[in-house]
Amino acid sequence: MDTLLDRTVIPGYTRIGYGLRSRSWPSDDPAPGSLAGKTAVVTGARSGLGKATAAGLARLGAAVHLVVRDASRAADTLAELQRDIPDATFVVDECDISDLDAVRRYAAGLTGPIHALVHNAGVMPARRTESPQGHELTLATHVLGPLLLTELLRPNLTDGRVILITSGGMYTQPLPADPEYRDEPYRGATAYARSKRIQVAVTPLLAADLAPTFVATTHPGWSETPGLTDSLPGFTKLTKPFLRTPEEGADTTVWLAATQPAPPTGKFWHDRRTRPTHYLKRTQESPEALDAIWTYCRRAAGI
Ligand SMILES: NC(=O)c1ccc[n+]([C@@H]2O[C@H](COP(=O)([O-])OP(=O)(O)OC[C@H]3O[C@@H](n4cnc5c(N)ncnc54)[C@H](OP(=O)(O)O)[C@@H]3O)[C@@H](O)[C@H]2O)c1
């Protein structure tokens with residue numbers, strides 16, 4: 001049933017898939033208080049899945065850094081989280097993850113062990129947009145900023161878990177030969193899916209590089225969030241009754257951050273299970289293409 005839901009995509013990514021799969025999970029839930037005394041950093045935590053992830057980690061006892069682009073716009077988020085989880089500690093940090101200079105400044109100010117670093121910030125711009133360093137924005141936000149932040153926090157993460165939030169949309173795209181999307185007419189959804197494909201493809205390499213630090217990518221299915229509504233209004237309207245809540249979409253992220261013992265590193269997850277990274281032959285990458293994108297992204301990130 002689980003595999004059938006995954007391969008047929010639509011039921012699996014919706015609340016139907018979540019509802020059916022989650023029946024077998026209670027014994028697998030992280031223990032209450034399992035993150036007590038630990039610190040988590042969640043990017044894009046002002047809304048949607050990031051906010052739900054922050055709440056889930058805080059409920060397990062973690063002190064959570066909410067990484068947002070504009071702290072003044074995060075005041076309502078902070079107030080809601082503090083109201084819902086009064087005993088928790090939240091810190092609002094400003095950092096534009098697509099801006100490599102901002103990432104460097106941010107990382108320099110973080111001290112102490114970090115148990116969970118969740119790269120959740122996401123964008124799907126309608127037009128080709130560049131980051132302050134001149135990188136295409138989805139690449140900068142989903143890949144370059146997260147790689148750099150992870151690298152700079154390496155000493156803080158020795159016992160930690162790094163989790164990248166990708167999208168099932170990555171199944172439609174191979175690794176791009178033109179990662180900055182300069183050579184053909186721009187399509188935001190394609191750029192988004194390509195950058196999400198890169199996240200999944202480089203995860204085993206990042207895991208090997210960071211070991212023993214745990215690394216995972218996960219895709220949340222389809223969840224009703226401001227990001228989904230703004231980027232894909234027609235899709236959201238059509239699928240609204242079937243969309244997951246942000247909490248359901250964030251479940252596997254929280255589980256990956258907290259479950260004991262740590263799951264195997266370097267894998268791609270959805271609904272608490274590892275999943276295939278390809279369904280289409282045309283999206284398979286060669287070892288040379290993977291090596292080229294890994295090298296390009298690390299250099300572009302300034303690593
Ligand atoms: N919802 C879904 O069904 C779905 C499906 C597949 C994958 N995802 C992925 O899940 C993640 C969360 O998406 P969501 O649906 O929760 O969307 P969302 O509500 O729009 O949340 C995305 C968050 O990312 C932040 N962000 C964007 N660019 C940033 C940057 N450069 N630096 C720091 N923060 C930045 C946004 O901050 P501001 O508040 O400043 O705008 C926003 O809070 C994304 O990576 C998305 O690709 C979502």
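The values are calculated or read from the model by the stated rules, or taken from the named source; none is laboratory data. Predicted model, so just to flag it, every value in this text is computed and none were measured. We place every Cβ from the backbone using ideal geometry, glycine too, and count neighbours over all the protein chains shown.
Which ones in the range 199-238 are touching a Leu at 6+ places or on another chain (Cβ under 9 Å) and of a type in the set (Ser, Thr, Tyr)?
Correct list: 203, 213, 217, 218, 223, 225, 236.
Among the residues of the range 130-143, is there at least one that is more than 12 Å from the ligand (Cβ to nearest atom), surrounded by fewer than 24 Cβ atoms within 10 Å (Cβ to Cβ) and modelled with pLDDT under 95?
no
Can you tell me which of 259, 229 is surrounded by fewer than 21 Cβ atoms within 10 Å (Cβ to Cβ), farther than 23 Å from residue 64 by Cα and polar (S, T, N, Q)? Let's see the steps before the verdict.
Numbers: 259 fails: farther than 23 Å from residue 64 by Cα.
After ruling out the rest, the residue left standing is 229.
Take residue 18 and decide whether it is under 28 Å from residue 277 (Cα atoms), touching a His at 6+ places or on another chain (Cβ under 9 Å) and aromatic (Phe, Trp, Tyr).
No, not satisfied.
Could you run through the range 214-238 and say how many residues are outside any helix (DSSP H, G or I), of a type outside the set (A, V, I, L, M, F, W, C) and near the ligand (Cβ under 9 Å from one of its atoms)? Break it down stepwise before answering.
So in the range 214-238, the residues outside any helix (DSSP H, G or I) come out as 214-225, 232.
From the residues that got through so far, the ones that are of a type outside the set (A, V, I, L, M, F, W, C) too are 217-221, 223-225.
Adding the requirement that they be near the ligand (Cβ under 9 Å from one of its atoms) leaves 219-221, 223-225.
Summing the residues that are outside any helix (DSSP H, G or I), of a type outside the set (A, V, I, L, M, F, W, C) and near the ligand (Cβ under 9 Å from one of its atoms) in the range 214-238 gives 6.
Of the residues that make up the range 59-76, is at least one within 15 Å of the ligand (Cβ to nearest atom) and over 30 Å from residue 302 (Cα atoms)?
Looking through the range 59-76, at least one residue is within 15 Å of the ligand (Cβ to nearest atom) and over 30 Å from residue 302 (Cα atoms).
Do the conditions hold for residue 217, that is, is it buried (at least 22 other Cβ atoms within 10 Å of the Cβ), under 13 Å from the mean Cα position of the chain (by Cα) and not small (Gly, Ala, Ser)?
Details: buried (at least 22 other Cβ atoms within 10 Å of the Cβ): yes; under 13 Å from the mean Cα position of the chain (by Cα): yes; not small (Gly, Ala, Ser): yes.
Yes; evaluated as a whole, the condition is true for this residue.
If residue 112 satisfies all but one of (1) away from the ligand (no atom under 14 Å from the Cβ); (2) at negative phi; (3) small (Gly, Ala, Ser); (4) touching a strand residue (DSSP E or B) at 6+ places or on another chain (Cβ under 8 Å), what's the number of the condition it fails?
(2)
Determine which member of the set 149, 100, 153 is under 23 Å from residue 203 (Cα atoms), in contact (Cβ under 8 Å) with a residue 40 or more places away in the chain and crowded, with 24+ Cβ neighbours inside 10 Å.
Among 149, 100, 153, only 149 is under 23 Å from residue 203 (Cα atoms), in contact (Cβ under 8 Å) with a residue 40 or more places away in the chain and crowded, with 24+ Cβ neighbours inside 10 Å.
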